[in-house]
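Notes follow once the structure below has been shown.
The values are calculated or read from the model by the stated rules, or taken from the named source; none is laboratory data. Quick caveat: nothing in here was measured; it's all calculated off a predicted structure. Here the Cβ positions follow ideal geometry from the backbone for every residue, glycine too, while neighbour counts run over all protein chains shown.
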């Protein structure tokens, strides 16, 4: 049979095999229960015996011993019934009205204030409860705790495992789900490079070209790094290592050259191959046909807030202790009324996948627990991101060898998705979850390069909470300025670079010479601090936040063979080979008197 | 299954002038909100993405950018008047994306005007047929009370 390589869900023969039963076979045993009535007495399920005469209705009576080990419940095992279930048929006297004496009182008696029921899940409750949940969430000062409380359960998400889309024509999708306005082919005016020192350019250019020569064109670069591993590693891994080395060396040489003139570079913290995890809501996407929670299906929503999770490796990301200055203000036309494309279709129609995942936020590094902000400052403000271009080959392979020839689109997607996901994560570390809108913009700069082709971009995140509880659809836009493709050199022949373009080096210098500084009168961490609540207060807050049940986990928990009760399973079924034939039938045996129980034990 | 090569010529066989694949592709109507440059086809399961691409590019000169395809399970339904299930054959759905500036619009093969024309034509034809039938039923007075074999 012919089968396409790498086709994820494709199967030629379907696995579905319906079980065909004959009607005659099925009806054979119906209505024949009375035949065996003498031998099998089916009393009521586990009616508790009354142990003493003054048995009160609220009291629990002891249950029969069932020989069933703890943790191995199934629907067949008789459960203890409450006492009201036993004598529920007894008539009860109900006084509908208060007696005359009780009706009037000198002091007013108010009804007891009952707290609202525990919130099971913020989607299944009313808006008021949800708002309460958001408020309670903001009270948690520790970011770790907040992360755990949010991501307890899996949700149906549109998962992005790389900062671009596998399919063609994904730019509009990336723009819509991050609500980004794209300024194509232009960087902001502060990045124009008229005033760059020429001596620095000359110095840096030679360093850059050297590192490109060594990493990209020398024999060392091809399968010389890892002699044993390279035999079994494919081309992409090799290219990834080469490109990561190149990006690190670019960062290293730029900061070396610029350090004397710009001391703020000492403050930079570099993450190599950082794994960014992030999630957010895309605002009001059209409802996908196939993948939908039952709740949404029953409500028949036309549009939904699609949860999006992101988990991808950023080759190089740099952070500092204070933010970059904002490029445009919030009142600017660009951030208030720029256009963002509207999607008439769900991205599933273009081939993206919906899976169930835990929504977790981690911007490439772990937060410092109980960080004392008075003593020092954590480096958790964005400064720079770097991406390579080697994964275009991988993308081609995933598409069965098809080349869409849309390299620029991929670069734009990387700029938008990669930086939004990272900035969203950093905002979470400043206390702003996707349910709490940021109060100041996050700005990062970035570049996408393979040594020869260079793209520079600047991203300003003005808003990140798009859930329709908090967002009406018209708010500040995120903005991405991206330069056109620039070539550092036209070609490489006989060990010489031909047609070197100085503009690229100047842009690079301009980016690294941006000085991060804090604005006065801005509280950068409103919701963050030390947890000073008492245990009681924490418990009260936690009751509102609620222990949410996880459907997937529940299913896991109740099956014998899965990890939770692995040991128990072994103890039962492997150590006692006849456990299955003896003990598993105990739940199905007839109800017996205690004396009979002993008599029949050999049988059941 | 398509023959990917020209069938071997044996002496006495007719010589094939034109080589046609024995695949078929059925164009499906796009859904209401689908993007304009996305076209959907129902194709046989054995067809690969590259077969689909070549089919469209080489035979119909369609500018294809990307092809995605999925194998779908055929319908499972109860047999009519019987108590067992039957299953339709599996098929493959191919999603073809055209370049961004290209659009595919579903051709309206049956516009209202055409339907009206056809209906009036049909009515006319029906009327004529009725007249013809009546003619057959009408008694021939020149052969009144003569048996039918008389004219043979």
Hey, residue B:71 under 30 Å from residue B:101 (Cβ atoms), in contact (Cβ under 8 Å) with a residue 24 or more places away in the chain and surrounded by 13 or more Cβ atoms within 10 Å (Cβ to Cβ) or not: no
Check whether at least one residue in the range A:471-479 is closer than 22 Å to residue A:319 by Cα, more than 23 Å from the chain's Cα centre (by Cα) and surrounded by fewer than 24 Cβ atoms within 10 Å (Cβ to Cβ), and report yes or no. yes
Counting only residues that are touching a strand residue (DSSP E or B) at 6+ places or on another chain (Cβ under 9 Å), on the phi < 0 side of the Ramachandran plot and not in a helix (DSSP H, G or I), the range A:177-207 contains a total of 8
Tell me, which helices (runs of 4 or more DSSP H) wholly within the range A:390-440 include 3 or more residues that are closer than 25 Å to residue A:471 by Cα? A:419-429
Tell me which of these residue B:42 doesn't satisfy, since it passes every other one: (1) within 12 Å of chain A (Cβ to nearest Cβ); (2) within 21 Å of residue B:22 (Cα to Cα); (3) in contact (Cβ under 8 Å) with a residue 24 or more places away in the chain. (1)
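Hey, which of the helices (runs of 4 or more DSSP H) in the range A:213-311, taking only ones fully inside, have at least 3 residues that are at pLDDT 80 or above?
A:235-258
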Which ones in the range B:47-74 are assigned to a loop (DSSP other than H, G, I, E, B), at the interface with chain A (Cβ under 8 Å from one of its Cβ atoms) and closer than 24 Å to residue A:165 by Cβ? B:48, B:65
Counting just the residues of the range B:105-114 that are exposed (fewer than 10 other Cβ atoms within 10 Å of the Cβ) and either part of a helix (DSSP H, G or I) or over 23 Å from the mean Cα position of the chain (by Cα) (or both), which one comes out nearest to the other protein chains (Cβ to nearest Cβ)? B:112
Can you tell me which of B:77, B:83, B:102, B:87 is surrounded by 10 or more Cβ atoms within 10 Å (Cβ to Cβ), within 12 Å of chain A (Cβ to nearest Cβ) and under 28 Å from residue A:352 (Cα atoms)? B:102
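Here's the yes/no breakdown for (1) at the interface with another protein chain (Cβ under 10 Å from one of its Cβ atoms); (2) within 18 Å of the chain's Cα centre (by Cα):
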| site | (1), (2) |
| --- | --- |
| B:16 | no, no |
| B:24 | no, yes |
| B:29 | no, yes |
| B:95 | yes, no |
| B:121 | no, no |
Reported set for the range A:401-416 where residues are in contact with a helix residue (DSSP H, G or I) (Cβ under 8 Å, 6 or more places away or on another chain), away from every other protein chain (no Cβ under 14 Å) and farther than 11 Å from residue A:165 by Cα is A:416
I'd like the full set of residues that are modelled with pLDDT under 95, within 14 Å of chain B (Cβ to nearest Cβ) and either touching a strand residue (DSSP E or B) at 6+ places or on another chain (Cβ under 8 Å) or not in a loop (DSSP other than H, G, I, E, B) (or both), limited to the range A:144-171. A:167, A:168, A:169
Elements of type strands (runs of 3 or more DSSP E) in the range A:447-517, at least 2 residues being closer than 21 Å to residue A:411 by Cα: A:453-461, A:478-482
